[in-house]
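Here the structure is laid out as structure tokens; the discussion comes afterwards.
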Amino acid sequence: MKTFRLPGLLAVFAMLAVFVTLPAHAEDYDTVLDGLGRLQSLAESYAAESGDDPIELTLSYTRSGTYNTTVWSMVAPRSQEFVDYVDGQDPSLNSLIGLGSIETPGGSVDFGHMLASLDLVYRGLPITGSWGGDCMELARQHLGNASDADGYVSLMAGSFDSSDSMFGGDDLRADLDSVVIGAQLTEGASVAETIRSYYSSITEYDRAYQFIALSFGDVNTGDSSAFRQTVYETLTRDTGMQLLLYVNGMMSVADGWTITADAAPALQGASYVFADYLAGAVDGARVSGSGDTRMVTMAVQALADALAGIGDSDAASAVLNSQDSSSGSSSASSGSVSEVFSGAASSIQSGFDLQIYETVLLILGAVALLVLLLSIVMLIRRR
């Protein structure tokens with residue numbers, strides 16, 4: 001039987017996402033919240049028979065494009081049966097799929113991004129689906145263009161105000177908001193009303209303060225060097241992020257379970273820029289937070305099991321060896337997080353078909369060739 005490495009699969013799925021991303025809808029804030037309320041009511045009716053979590057059904061329904069690739073679906077399944085059910089009951093709700101930026105009382109927010117991130121936060125992956133993933137994307141955008149962290153900080157300065165950035169302002173607010181809202185979103189709560197309550201009085205200071213308290217605990221943001229390091233270490237020690245970094249080639253087993261030499265300064269630069277924004281937003285305040293409520297994922301055994309499940313025993317061993325040699329890490333994992341990793345591993349093992357893989361690549365190649373030929377014909381005709 002042929003074994004497939006997850007990095008290769010992700011490359012294919014990322015390529016597919018370019019073709020399947022749906023156009024974002026321009027929607028009014030109140031209209032969206034009204035729709036989310038109606039959507040959750042349908043989710044509750046559906047869940048009464050299916051046994052699913054209505055909040056997971058509601059949030060996953062809104063995902064599309066890059067937030068609904070095969071890999072996303074593995075860690076945060078989206079029920080096609082529920083999608084069909086909604087289409088039959090209230091087809092107007094499909095306007096909630098693939099939302100773009102929306103002007104909220106708390107500023108412009110990439111709402112599709114926020115809801116997708118909120119989906120992962122609610123399922124127990126608070127860093128991977130929000131700020132950690134965007135820091136990684138910012139690092140990848142500038143990878144190789146500087147030699148150290150300070151150089152990357154200079155390159156990344158102004159990223160949150162740039163329309164060309166992989167981590168822009170609307171993404172930034174979406175990440176912070178998804179974590180804070182996610183902390184308030186408990187089983188049985190109304191998604192729409194939780195969001196409405198949050199945005200009704202949020203300020204930049206409060207948004208950043210609450211996010212810092214939830215993500216980093218008790219910390220002095222005025223100590224720039226220490227706070228930068230806290231943000232970087234929180235990102236790289238999170239097991240959800242370690243899996244994401246590994247499948248994107250930014251973690252290696254060549255010298256233990258470590259960040260690759262070229263990726264480390266880029267990730268530091270992205271983390272430092274993010275830390276500097278947060279510190280500035282709260283005026284360098286000392287933030288009070290409880291370690292018991294920190295939004296992190298420390299599922300070491302589950303991560304190792306997932307890596308072993310996809311056939312990478314070397315990486316699995318490296319993870320466990322790294323855990324054994326680290327005095328500051330926790331091996332505890334929640335059941336839900338373990339299920340996320342193990343479910344993803346099982347899906348990768350059993351759900352991938354070589355013939356489908358090859359067929360998809362052939363189709364993509366044919367489409368690309370057709371587009372090229374049409375472009376040449378149009379160019380000739382214009383001349």
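Some points to look at:
- Verdict on ASP119 being in contact with a Phe, Trp or Tyr (Cβ under 7 Å, 6 or more places away or on another chain) and closer than 29 Å to THR236 by Cα: no
- Filter result (free of Cβ contacts under 8 Å to residues at least 60 places away in the same chain and either under 20 Å from GLY182 (Cβ atoms) or of a type in the set (Gly, Ala, Ser) (or both)) within the stretch 138-156: SER154
- Condition met for ALA226 (surrounded by fewer than 18 Cβ atoms within 10 Å (Cβ to Cβ) and either among the aliphatic types (A, V, I, L, M) or within 30 Å of SER313 (Cβ to Cβ) (or both)): yes
- Residue check, SER200 over 19 Å from the mean Cα position of the chain (by Cα) and assigned by TED's automatic domain parsing to the domain that holds ALA263: yes
- Applying the condition of being in a helix (DSSP H, G or I) and modelled with pLDDT of 95 or more to the stretch 183-195 and asking which residue is farthest from the chain's Cα centre (by Cα) yields GLU193.
- The condition of being in contact with a Lys or Arg (Cβ under 8 Å, 6 or more places away or on another chain) and either under 15 Å from ALA174 (Cβ atoms) or not acidic (Asp, Glu) (or both) holds for only one of LEU115, LEU120, that being LEU115.
- A count restricted to the stretch 102-117 and to residues that are closer than 22 Å to GLU204 by Cβ and within 9 Å of the chain's Cα centre (by Cα) stands at 2.
- Enumeration of residues in the stretch 63-79 that are more than 18 Å from LEU115 (Cβ to Cβ) and surrounded by fewer than 19 Cβ atoms within 10 Å (Cβ to Cβ): THR70
- Selection count, the stretch 74-91, where residues are outside any loop (DSSP other than H, G, I, E, B), closer than 17 Å to SER45 by Cβ and in contact (Cβ under 8 Å) with a residue 12 or more places away in the chain: 6
- Residue within the stretch 230-251 that is under 25 Å from GLY124 (Cβ atoms), over 20 Å from the mean Cα position of the chain (by Cα), of a type in the set (Asp, Glu) and modelled with pLDDT of 90 or more present: no
- Of all the numbered requirements in (1) in a helix (DSSP H, G or I); (2) more than 16 Å from LEU33 (Cα to Cα), LEU125 misses one, and that requirement is (1).
- Test: residue in the stretch 139-150 that is farther than 30 Å from THR58 by Cβ, of a type in the set (Lys, Arg) and either touching a Phe, Trp or Tyr at 6+ places or on another chain (Cβ under 9 Å) or outside any loop (DSSP other than H, G, I, E, B) (or both): yes
The values are calculated or read from the model by the stated rules, or taken from the named source; none is laboratory data. Note that the structure is predicted; figures quoted are calculated from it, not measured. All Cβ positions, even for glycine, are placed from backbone atoms using ideal geometry, and neighbour counts span all protein chains on display.
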